[in-house]
Amino acid sequence: MRAVWIGLIFAATAAAQDEALGASVFNKSCAVGYCHGSGGTAGRAPKLTGRNFEHGYVHKVTLDGIPNTGMPGWKDRLNSQELNAVIAWVVKASGGVLDPKIAGAAAAGPPMPADAKRGKDLFFDAVRGEFRCSTCHAVDGMGIAVGPNLLTASNLDPAVIRAGKPATVRQGRTRGGETFAALVVDQKPDSIVLFDLALPLPVLRTFGKGEVTFSSGPSWRHSDAVAKYGDPELAAISAYLQWLANR
Ligand code: HEC
């Protein structure tokens, strides 16, 4: 009997925590300005309250998005705990009912094998300071997305990781003569936004039109960025990324 009570109290606390997480993920990711509005009531995108959504529908749309609309898929941007919490929050906010089968299946997921676990530690490794992968790549809702999404790469052998994606980074030169390796992220008619890779920690910079010119053959190589990792470590990281991609 006592165990049952303790179990119930634990379940209630865990549910309250999930709800708080769901609300916080929603506010950070979904309620932004022009999307679903705070509490899911306003914004340019459809309102969510009072719609009685089915759990399965919200699950699919949240993970995969809706093609050709402003609704992106979130499965690579949030981790599984955040996904489950925000999906449950939206279902409840819409007046719908949670389906324990979907919640359970999504929460369980396949377990992470040992080499992938080691790869995860290495990917976010604080020991390698600014040279860890997560300084420039985001996976599972963590890290900074300077470089490309790694979950779509088909081959992640250590040699492939070292090589990176040549020709993506160029050499930038300002009118004043400052040179640096540059990864352009956005080009508008009157401005250009880029990551300056001159320092270990990439810096996002904005220039006016014509203030910076580009040439090939940058002073930056991906192999230098990953030089603090040995091949067996890169192989473990590869196992982690593959595990995430197939999850
Ligand atoms: C200082 C920033 C930085 C760090 C640290 C870094 N990367 Fe990268 N990565 C990039 C950039 C920028 C690119 C694309 C341009 C290039 O490779 O030259 C890239 C490309 C890649 C690619 C090629 C992806 C494709 O689409 O072909 C892989 C794979 C990769 N990185 C894996 C890793 C792994 C694994 C680590 C950690 C061991 C890591 N990177 C560390 C910035 C970084």
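The values are calculated or read from the model by the stated rules, or taken from the named source; none is laboratory data. Fair warning: this is a prediction, and the values are worked out from it, not measured in the lab. Cβ sites come from the backbone with ideal geometry, for glycine too, and all protein chains shown count toward neighbours. With ligands, DNA and RNA removed, areas are computed over all heavy atoms of the protein, side chains included. Shrake-Rupley method; radii C 1.70, N 1.55, O 1.52, S 1.80 Å.
Tabulated data for the structure shown
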| quantity | calculated |
| --- | --- |
| Close pairs from segment 141-154: first more than 9 Å from the ligand (Cβ to nearest atom), partner of a type in the set (Val, Ile, Thr) and open to solvent by 70 Å² or more (accessible area, probe 1.4 Å), Cβ under 6 Å, at least 6 apart | none |
| Filter result (in contact (Cβ under 8 Å) with a residue 24 or more places away in the chain, open to solvent by 40 Å² or more (accessible area, probe 1.4 Å) and not polar (S, T, N, Q)) within segment 169-198 | Arg170, Arg173, Arg175, Val184 |
| Members of segment 57-85 found to be open to solvent by 30 Å² or more (accessible area, probe 1.4 Å) and touching a helix residue (DSSP H, G or I) at 6+ places or on another chain (Cβ under 8 Å), listed by number | His59, Leu63, Met71, Trp74, Lys75, Asp76, Arg77, Ser80, Gln81, Glu82, Asn84 |
| Any pair with Cβ under 9 angstrom, 6 or more apart, that starts in segment 52-73 at a residue that is of a type in the set (D, E, K, R) and ends at one that is open to solvent by less than 50 Å² (accessible area, probe 1.4 Å) and not in a loop (DSSP other than H, G, I, E, B) | Glu54/Val91 |
| Conditions (1) buried (at least 17 other Cβ atoms within 10 Å of the Cβ); (2) near the ligand (Cβ under 8 Å from one of its atoms): number failed by Lys120 | (2) |
